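Undergrad: Handing you a structure now.
Values quoted throughout were computed directly from the atomic coordinates according to the rules given, and no laboratory measurement underlies them. Note that the structure is a prediction, hence the values are computed from the model and not measured. As a convention, Cβ positions derive from the backbone with ideal geometry for all residues, glycine included, and neighbour counts pool all protein chains shown.
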Amino acid sequence: MGPLVKVAVVGAGVVGASIARVLTMYEGFEVVLVEREPDVGWGVSKANTSVIHPGHEEDPRQHPLRAKLCVEGNRLWRRWVRELDIPARWPGELMVFASPEEEREARKYVELAKLNGVPGVRLVYGRELLALEPNVNPQALGAVYAPTAGTVSPFEAVTAIVENAVENGARLLVETEVLRVRVEGGEVKGLETTRGFVEADIVVNAAGLWADEVSRSAGVEPEFRIRPRRGEYLLFDEDVRGKPARILHTVPTPVTKGVYALTTVHGNLLLGPTAEDLPPEAKDETGTTREGLGRVLSEAAKLLREVPPPSKVIRTFAGLRPEPPGGEWLVKAYEDPWGFVNVAGIRSPGLTAAPALAHHVAGLISEAYGIELRRKEGWNPRRVGIARLAGKSLREIDEMARANPDYGEIVCYCKMVSKAEVLEAIERIRRIGARPTIDGVKFRVQAGFGRCQGSFCRWRVALLIAQATGRPLHEVLVGRGAYAVGDVKVLLRGGAA
Amino acid sequence: MIERSFDVAVIGGGPAGMAAAAKAAELGLSAVLIESRDLLGGVPLQCIHPGFGLHVFGEDLTGTQFAYRLIERVERSGAEVMLRAHVHSVEVEAHDEKVVNVVAPGGVVRVRCRALIYAAGARERTIFEIGVVGDRPAGIFTAGEAQLLMDLYGVLPGREVVIVGSGDVGLIMARRFALEGARVKAVVEIMPWPGGLMRNVVQCLHDFGIPLLLSHAVVRVAGRGRVERVVVARVGEDLRPLPGTEFEIPCDTVVVAAGLRPNADLLERMGAAIDPATGGPVVNELLETTVPGVFAAGNALVVNDLVDYAVEQGERAAEGAKLFVEGGGLPAADWKPVARGRNVRLAVPHYVSGERGAVVYARVERPERNVLIRVPELGLRRFAVAVRPAEMVRLELPRSAFEGVELERLTLEVVPRE
Amino acid sequence: MSEVELVCIVCPASCTLKARLAGGGLEVEGAGCARGVEYARRELTNPVRHVMTVVKVRCGDLPVVSAITSKPVPKSCVFEVVKATANLEVEAPVELGQVLLENVCGASLVATRRVRRVSGAGCPASPASP
């Protein structure tokens, strides 16, 4: 066997992570995942609709790759969520129409389902619609029912995939921003980063919103520009009335994209997104707006019998989708420079397609660079999630707390998250090579995701991180920033630290 | 799973819960106090300012000193204390039999009790609840979290601070930040009047030259890794931002002090009726909720302005629990609703029997001077030079006032003095 | 001396007072009662405040202890008190009422919380004897 092929994957979102995982399945690759944030999955993957699409909204005549990988991805996810213990639900979806015009528009998707081989898609009306979804708006005429739709926790999916990839030999570098792809003599040599040079024979560009810049730095696709498309969301408390059983969404029209209403895997009502095109440089504009949130609420009112009052909103957020020119994914292995692979502009259905896209990229690499894909012996498909108290019976909780008293010490009251779960999250973050942060813990075990939004538990999580890492409390990160500015006397001492 | 039995279980080890557990034990009941943290005291343990205990102890104590007084009382009373004990759920097995399922480091404890006093406090409203949009970087805190960080864990949350809301915690925190050398750029209040006590407006803001922007709202937070600025706008009478009045305040920290909500989720799950005006349970004069034998006290009942009232409510609930335990339930009574009359935003309790004296806690809708606080049906009236939404009205309805009076209901109202 | 506007905090009426010291006498407008005039006199001639702060603690179960001045200090002296805490550090255990700093603006700084001692690296089970 020849020497190892060094592959650097830029971007630890769901696409980059999936590619890293798939590459570890095969002999001969040494995989490093390079991420600018302190943790994985903090970009496009963190804030989206979380839907695993059936594939009946993709037109194979316009976007054949998207259509094919969306349908394949939907199937693959069912295996991946089992292998990787990712929270997921498969309730199916209803594209709800309220007028004959919308109905005409919706019928097109039944035709697309036929073209794409999406199973079970059909129109439902009246009683059947109500039976499928008792909480649908009574004004609805009918819906396109697609039984294979599901929802995952996208952030937990990324962490699970990365944990498994690392278990199988991939390496993660966080807080490492790619400055440029180094190319010499027409060949990729590696990545110049804020943390030095990362040697690589193959660079896979899965840099999400920044993939256009990475691509340009490799000397290809100079005209390719990614526009951030902002989507705003509202997340409601678990205890609201009228949560939908299915994934509901409005009929996409040329003017507005569909707005979704769904119950997340953690039991919250999620409404959104808007679709607002921002200029290419606005890659950090994840702020919410009054207008956007208002639009989400009025669109969601078309779907639901009852939209909960604003007092039940526990969080609003916005995510950016990387919108490529013409909506066309740029997935390509280049001969010049040899070793450069673009997986860029992966807009919706990117989350759905990710596992299939990863296999597709492995195939491209094999084909373009003449590397035979041979399954590695001893590759471990399994990853087990953090054992959670939430949803357990009293008897099970009793057993867990007796075996490990930290399970009996509750840190987050709203979501009943124990110290044991927080410590396990911190440990896992460190094991993959990421930096423990309050957000990293929050998104892994839901501490701070309840109605108090962390006012009772954020400091406890911060204290546990400070203890585990031996760093002062004020240096613990919330997102990218420090929790506090210093010890309480720092300014009185004249410290401008 | 371990099972224990008590006459009374008290949930929450803050002032109301400590007073309730101690009082219950002092009245001869077996009582257990269930607290989720690893120490008793609740929020006053992080309040290093005075203003606590004038009614209860006849002294002006700091929150911390006040907490220790109550902890000592609990210790003397013989009430049992469970710490690091999280209430998972409550099962109502019979009219006078409940089981509190408690998750604790040693496993699950099933606490069987006849009466239950719920004193789990309040939670702070978050930035999402008050409709602030924009970015969500580091540097956004609730006032309570900022207070805990500074005064228990010794870290400074920020250097240049904007405080959203002028409730007492917000005002107190403005002074704390100023005293540690931070710059408080503004306290922004959406209402046309301050949300906290005037004493705090004067001593926490005026003393330090901190601007109070009334009828203004923070509409947006902006910042990448850390807060960089907030956008503030003047609001109209409908409390909505007026277009064209926006301006920016550069800062690195936003402290949200937009008020409290009773932590009534567990009560709701038990089926207790909730009063939308208080956010807490509907109760009678013994502070019994609509679930028989389940009492509520302190900020879980109604957000109080003085800790002394929380203690008084805890004791009142303990008295109710004693009657309940000894009688196998409260005796049937002809409960009269307490209606909210003119300029009364909320009033607790919601029902009185007339068979014993009662204390009504109320808040007005808007500030008013030179008024009478009165209950016309009972011929009760009290003069007040001024009433303000921030300051609770406490009115005693003595047993004697009910004698010889036929009534269907009571009305609490605030009217101008002629 | 120029006119000063004050909000009286003696009672809930919260009268807005306009006060000035003129020719050795005090003139107050807007006070609803005599207590308001007295309040204005105090605030203009000798305003005092309690100072509440925290002091760093070594080897404690918490890193700071809360403290209050033993008596109100002149308002002009408030920052002198807090500046004195900038580099102050005491060693656990700390008892309620323990004097943490003496003679600052004529008062001392007294602990209002208990801090238990925890032993560990650099922290023997009992404090070094003075």
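Undergrad: Within the stretch A:37-56, list the residues whose amide N lies under 19 Å from a label point set 7 Å along Cα→Cβ of A:E285.
TA: A:43-45, A:47-48
Undergrad: Using Cα atoms only, what is the angle between the long axis of helix B:63-77 and the major principal axis of chain B, expressed in degrees (0 to 90) to the nearest 10?
TA: 20
Undergrad: Next question. Stick to the Cα atoms of the stretch A:280-407, pair each with every other, and give me the Kirkwood hydrodynamic radius in Å at one decimal. Intermediate values should be presented prior to the final figure.
TA: Numbers: mean 1/r = 0.0487 Å⁻¹.
By the Kirkwood definition, the hydrodynamic radius is 20.5 Å.
Undergrad: How big is the antiparallel share of DSSP beta bridges in the protein assembly as shown, given as a percent to the nearest 5?
TA: In the protein assembly as shown, DSSP labels about 70 percent of beta bridges as antiparallel.
Undergrad: Shifting gears a bit: What's the percent breakdown of Cα-Cα distances in the protein assembly as shown across 10 Å bins, shortest bin first?
TA: Distribution as computed: 2, 10, 18, 21, 20, 15, 9, 4, 1, 0, 0 percent.
Undergrad: How large are Rg and Dmax for the stretch C:4-45 when calculated on the C-alpha trace, in angstrom?
TA: Gyration radius and largest Cα-Cα distance of the stretch C:4-45: 9.3, 31 Å.
Undergrad: Still on this structure, please answer the following. Write out the GluC sites (Glu not before Pro) in the stretch B:299-393 meeting two conditions: DSSP loop, and at most 16 other Cβ atoms within 10 Å of their Cβ.
TA: B:E355, B:E365
Undergrad: Right, another one. Which entries of A:K257/A:K302; A:K68/A:K243; A:K6/A:K376; A:K6/A:K332; A:K108/A:K257 have Cα-Cα distances beyond 20 Å here?
TA: Flagged as over cut-off: A:K68/A:K243.
Undergrad: Further question on the same structure: Can you pull the one-decimal nm distance between simple spin-label points at A:E27 and A:K376, each 7 Å off the Cα toward Cβ?
TA: Those two pseudo-labels are separated by 1.3 nm.
Undergrad: Just from its helices, what would the mean residue ellipticity at 222 nm be for chain B, if runs of 4 or more DSSP H residues each count -39500 (n - 2.57) and the sum is divided by every residue, rounded to the nearest 500 deg cm²/dmol?
TA: The helix contribution divided over chain B gives -5500 deg cm²/dmol.
Undergrad: So in the stretch B:162-301, what percent of DSSP beta bridges are antiparallel if you round to the nearest 5?
TA: 60
Undergrad: Can you grab the distance from the C-alpha centre of the stretch C:49-70 to the C-alpha centre of the stretch B:126-179, Å, no decimals?
TA: 20
Undergrad: Under 5 Å between amide hydrogens, which residues at least 5 positions from A:D487 or on another chain qualify, with H placed 1.01 Å from N in the peptide plane?
TA: Amide H neighbours of A:D487: B:L156.
Undergrad: So what is the relative contact order for the stretch A:394-482, in percent, with contacts set as C-alpha pairs under 8 Å and at least six apart?
TA: In percent, rounded to a whole number, it is 25.
Undergrad: Per DSSP H run of n ≥ 4, the term is -39500 (n - 2.57); total these for chain C, divide by its residue number, and report the mean residue ellipticity at 222 nm rounded to 500 deg cm²/dmol.
TA: -4000 deg cm²/dmol
Undergrad: At R0 = 51 Å, how high is the FRET efficiency between A:E223 and B:E246 if r is their beta carbon distance? Nearest 0.05 is fine.
TA: FRET efficiency, A:E223 to B:E246: 0.85.
Undergrad: Hey, what angle do you get for helix B:168-179 against the long axis of chain B, alpha-carbon based, 0 to 90 degrees rounded to 10?
TA: Taking the Cα atoms of chain B, the angle to B:168-179 is about 50 degrees.
Undergrad: Now for a separate question. Could you compute how fast the stretch B:331-403 diffuses translationally, taking Rh as the Kirkwood radius over C-alpha pairs and applying Stokes-Einstein at 20 °C with viscosity 1.002 mPa s? Give it in µm² per second.
TA: Rounded, D is 167 µm²/s.
Undergrad: Within a 10 angstrom radius of each residue's Cβ in C:60-69, how many Cβ atoms of other chains show up on average? Whole number is fine.
TA: If you average over the peptide's residues, the count of other-chain Cβ atoms is 5.
Undergrad: Separation between the A:R435 and C:N46 pseudo-spin-labels, each 7 Å from Cα along Cα→Cβ, expressed in nm?
TA: 5.5
Undergrad: Counting other Cβ atoms within 10 Å, keep those with at most 15, restrict to DSSP loop, and tell me which trypsin sites (Lys or Arg not before Pro) in the stretch A:1-100 are left. Please list the in-between numbers first.
TA: Details: sites: A:K6, A:R21, A:R36, A:K46, A:R61, A:R66, A:K68, A:R75, A:R78, A:R79, A:R82, A:R89; in loops: A:R36, A:K46, A:R61.
Answer in residue order: A:R61.
Undergrad: If the chain between A:A245 and A:L278 were fully stretched, how many nm would it gain, using 0.36 nm times the residue separation less the Cα-Cα distance?
TA: Extra length from A:A245 to A:L278 when fully extended: 8.6 nm.
Undergrad: Still on this structure, please answer the following. Bin width 5 Å, alpha-carbon pairs only: give the P(r) of the stretch A:394-482 as whole percents, running from 0 to the bin holding the largest distance.
TA: Final binned percentages: 3, 16, 26, 25, 18, 9, 3, 1, 0.
Undergrad: What average count of beta carbons from other chains do you get within 10 Å of the Cβ of residues in C:35-44?
TA: 0
Undergrad: Taking C-beta distances below 4.7 angstrom as the pairing criterion, name the unpartnered cysteines of chain A, in sequence order.
TA: A:C70, A:C414, A:C452
Undergrad: Taking the Cα centre of the protein assembly as shown as origin and charging only Cβ (+1 Lys, Arg; -1 Asp, Glu), how large is the dipole, in debye to the nearest 20?
TA: 320
Undergrad: Taking every DSSP beta bridge that has both residues in chain C, what percent is antiparallel when rounded to the nearest 5?
TA: For chain C, the DSSP antiparallel bridge percentage is about 90.
Undergrad: Any idea which of A:V9, A:L235, B:G271 is furthest toward the positive side of the dipole for the protein assembly as shown, if Lys and Arg beta-carbons carry +1 and Asp and Glu beta-carbons -1?
TA: Of the candidates, A:V9 comes out farthest on the positive side.
Undergrad: Per q in 0.20 1/Å, what log10 I(q)/I(0) does a Debye calculation on the alpha-carbon atoms of the stretch B:126-258 return?
TA: With one equal scatterer per Cα and no solvent, log10 I(q)/I(0) is -1.14.
Undergrad: Defining a contact as two alpha carbons under 8 Å apart and six or more residues distant in sequence, what relative contact order in percent does chain B show?
TA: Across chain B, relative contact order equals 15 percent.
Undergrad: Could you please tell me the mean projected area of the C-alpha convex hull for chain A, averaged over all directions and given in square nanometres to one decimal? Mind dumping the intermediate values first?
TA: Values: hull surface 101.5 nm².
That works out to 25.4 nm².
Undergrad: Then there's this: Once amide H atoms are placed 1.01 Å from N in the peptide plane, what residues at a sequence separation of 5 or more from A:E30, or on another chain, have their amide H within under 5 Å of its amide H?
TA: Excluding prolines and chain starts, which carry no amide H, the hits are A:V5, A:K6, A:V7.
Undergrad: Right, something else. Taking only the alpha-carbon positions of chain C and ignoring solvent, what does the Debye formula give for the base-10 log of I(q)/I(0) at q = 0.09, 0.11, 0.19 Å⁻¹?
TA: Debye intensities relative to I(0), on a log10 scale: -0.42, -0.55, -0.97.
Undergrad: Separate question: Helix-derived [θ] at 222 nm for chain A: sum -39500 (n - 2.57) over DSSP H runs of at least 4, divide by residue count, nearest 500?
TA: Mean residue ellipticity, 222 nm, calculated: -10000 deg cm²/dmol.
Undergrad: Cα centroids of the stretch A:170-220 and the stretch A:304-341: how far apart, whole angstrom?
TA: That distance is 21 Å.
Undergrad: The stretch B:193-267: which trypsin sites (Lys or Arg not before Pro) are DSSP loop and have at most 15 other beta-carbon atoms within 10 angstrom?
TA: Sparse-neighbourhood loop trypsin sites (Lys or Arg not before Pro): B:R224.
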